[in-house]
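The values are calculated or read from the model by the stated rules, or taken from the named source; none is laboratory data. The shown structure was predicted, so the numbers you read here are calculated from the model rather than taken from an experiment. Cβ placement follows ideal geometry from the backbone for every residue including glycine, while neighbour counts extend to all protein chains displayed. Areas reflect the complete protein model, heavy atoms only, side chains present, ligands, DNA and RNA absent. Shrake-Rupley method; radii C 1.70, N 1.55, O 1.52, S 1.80 Å.
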Amino acid sequence: MRIKKGFLPNIKEKMISLGIESTAHTFGVGIIDSNGNILANVKDSYTTSKGGIHPTEAKEHHLRVKDKVVEDALSEAGIDMGGVDLISFSQGPGLPPCLVVGMEKAKQLARDYKKPLVGVNHCVCHLEVGRVITKAKDPVMLYVSGANTQVIAYEGGKYRIFGETLDQGVGNFLDNFARYIGMGFPGGPKIYELALKGKEFIELPYVVKGMDISVGGILTNVKQKYDSKKFELEDLAYSIQETVFAMLIEVAERAMAHCEKEELLLGGGVCCNKRLQEMAKIMCKERGAKLYVPQNNVLVDNGLMIAWQGLLEKDGVRKIDDIDIKPGWRTDQVDVDWR
Ligand code: ATP
Ligand code: FE2
């Protein structure tokens, strides 16, 4: 049940929101006020030196750090729970065991301190926090993270996905290859370091289907090339970036042309990659469009974006017992009533 618009216990003129992120590897807590001032953005991420992300281990990690991350965020903001007006959390999409930890912590705080609670869509948060931080007005967002790779824009009263990966997210693809060659998680930054030393471009499959991309075949191909020992690893890493990022830029550009939008916003951990940022910059310059790139701690998963989205959706507060996780919640299923 939706509580009537305007109903908010403890409402003050300036509101302070605390948001909890726990969709995958990161347990993050952000605190922001309704003027867009960042008060805290603290996180603790699960990493491995060899294998990939394991949902149960990520959950155990979140259970271990959750209380401390909340405490650290409050102390960074210089407030206690009494100063918080609203609590929000990532309801989905994400790994169920991880999502549950964030939801339970958010519910516990909401109950203990009698605060309103809002569940928000993680993907939409990447876009909205990008808008408030960069001041982009109505951008196309290239959202490239571990699990997700989507080109999103607001049209017809909804956030619509104009293009996406047909198999896995580009971050997972990079992590998978990094794991295969014995490097740890996350793999994206490691591939980037290797790629800086690459000299020769190796032809790889280039898979764009209309507005969508696919990376599964490329993964098989680069693993085979790696096993053949005929190629330098640095050249492979360089060629992976050049090929896959060009695919991303191509679909982003097509979406911009289709929607007639002149702003591109980057979101998701893979967009920390300087080469991807450079390619986006070149494409935008050629089109006479503007590129917006939030700082790295906002590109990756973070609690801040969850806190901000909570404020945007403050009129959608529901009864705590009616709230549950939504592991498969798609961007285009979100009711956008704050724009
Ligand atoms: P989501 O829940 O939105 O799918 P996520 O859980 O995958 O997000 P993010 O923090 O947005 O989390 O992204 C993590 C991904 O970003 C990992 O796959 C990691 O390898 C990749 N990554 C981080 N830094 C870089 C970089 N410099 N270059 C390429 N990839 C990077
Ligand atoms: Fe994310």
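Things to note:
- Only the Cβ atoms of Lys and Arg (+1) and of Asp and Glu (-1) were treated as charged; on that basis the dipole of the chain about its Cα centre amounts to roughly 280 debye.
- DSSP beta bridges in the chain [antiparallel fraction, %, rounded to 5]: 60
- P(r) histogram, all alpha-carbon pairs of the range 128-280 included - 10 Å bins from 0, percent: 11, 43, 31, 13, 2, 0
- Within the chain, the longest segment free of exposed loop sites, counting GluC sites (Glu not before Pro) that fall outside DSSP classes H, G, I, E and B and have at most 12 other Cβ atoms within 10 Å, spans 14-199.
- Kirkwood-based Rg to Rh ratio, the range 244-316, C-alpha trace: 1.04
- Net lengthening on full extension, ILE79/LYS107 (0.36 nm per residue, minus Cα-Cα): 8.1 nm
- Which of ARG339, ARG111 is most accessible, then next, and so on - probe 1.4 Å: ARG111, ARG339
- Whole-Hz ³J(HN,Hα) from phi, Karplus 6.51 cos²θ - 1.76 cosθ + 1.60, for the range 280-293, glycine and proline x: 5, 5, 4, 4, 5, 4, 4, 8, x, 9, 10, 9, 10, 10
- Scalar couplings 3J(HN,Hα) for the range 232-239, obtained by applying the Karplus form with A = 6.51, B = -1.76, C = 1.60 to θ = phi - 60°, are 6, 4, 4, 5, 5, 4, 4, 6 Hz; x denotes Gly and Pro.
- The range 10-141: translational diffusion in µm²/s, Stokes-Einstein, Kirkwood Rh over Cα pairs, 20 °C, 1.002 mPa s: 140
- The modelled label-to-label distance between THR47 and ASP322, using points 7 Å beyond Cα along the C-beta direction, is 4.2 nm.
- LYS314 contributes an accessible area of around 60 Å² to the protein surface, as traced by a 1.4 Å probe with all chains present.
- Distance (nanometres) between label positions extended 7 Å along Cα→Cβ at ASP335 and GLU57: 4.1
- Overall form of the range 111-151 per C-alpha gyration tensor (a/c, 1.5; a/b vs b/c): oblate
- Taking the longest Cα principal axis of the chain as reference, the axis of helix 216-227 is set at about 50 degrees.
- Long-range amide H partners of LEU39 with built H, under 5 Å: ILE31, ILE32, ASP33
- Per residue, the accessible area of the chain comes to 43 Å², computed with a 1.4 Å probe over protein heavy atoms only.
- The charge dipole of the range 1-160, taken about its Cα centre with unit charges on the Cβ atoms of Lys, Arg (+1), Asp and Glu (-1) only, comes to about 540 debye.
- With a cut-off of 16 Å on the backbone N, the residues of the range 172-212 near the modelled label site 7 Å out from GLU232 along Cα-Cβ are 192-203.
- Per-q log10 I(q)/I(0), the range 173-235, q = 0.22, 0.24, 0.26 Å⁻¹ (Debye; single scatterer per alpha-carbon; no solvent): -1.01, -1.15, -1.27
- Here's the list of lysines a cross-link from LYS274 could span, going by alpha-carbon distance under 18 Å and ignoring same-chain residues fewer than 8 apart: LYS190, LYS197, LYS199, LYS285, LYS290.
- For the options LEU196, LEU142, LEU95, a Gaussian network treatment of the chain with springs between C-alpha atoms closer than 10 Å singles out LEU196 as fluctuating the most.
- You can think of it this way: the chain between LYS14 and ASN297 has 99.4 nm of extra reach, that is 0.36 nm per residue less the Cα-Cα gap.
- Convex hull volume per residue in cubic angstrom - Cα atoms of the chain: 125
- 0 to 90° range, to nearest 10: angle between helix 122-134 axis and the chain longest Cα axis: 90
- Full extension of the segment from LYS135 to GLN224, taken as 0.36 nm per residue of separation minus the current Cα-Cα distance, would add 27.6 nm.
- Label point at ASP167 placed 7 Å out along Cα→Cβ; residues across the range 196-214 whose backbone nitrogen lies under 17 Å: 204-210, 212-214
- Table column - 3J(HN,Hα) (Hz), the range 258-272, Karplus curve with 6.51, -1.76, 1.60, x for Gly and Pro: 4, 8, 6, 10, 10, 10, 10, 10, 9, x, x, x, 5, 6, 5
- Longest to shortest principal axis, alpha-carbon extents of the range 78-134, angstrom: 30, 30, 18
- Dipole axis of the chain (+1 Lys, Arg; -1 Asp, Glu on Cβ), positive-most option in GLY182, THR48, ILE87: ILE87
- The chain: relative contact order in percent, alpha carbon pairs under 8 Å with at least 6 residues between: 27
- Axis angle, to the nearest 10 degrees, between helix 170-180 and the longest C-alpha principal axis of the chain: 60 degrees.
- Dipole check for the range 202-254: with +1 at the C-beta of Lys and Arg, -1 at the C-beta of Asp and Glu, and the Cα centre as origin, the magnitude is about 240 Debye.
- Helical runs (DSSP H, four residues minimum) scored at -39500 (n - 2.57) apiece and divided by the length of the chain put the mean residue ellipticity at 222 nm at -13500 deg cm²/dmol.
- The accessible surface of the range 159-300, taken with every protein chain in place and a 1.4 Å probe, is 49 percent carbon and sulfur.
- C-alpha center-to-center spacing [the range 268-339, the range 73-124] in angstrom: 17
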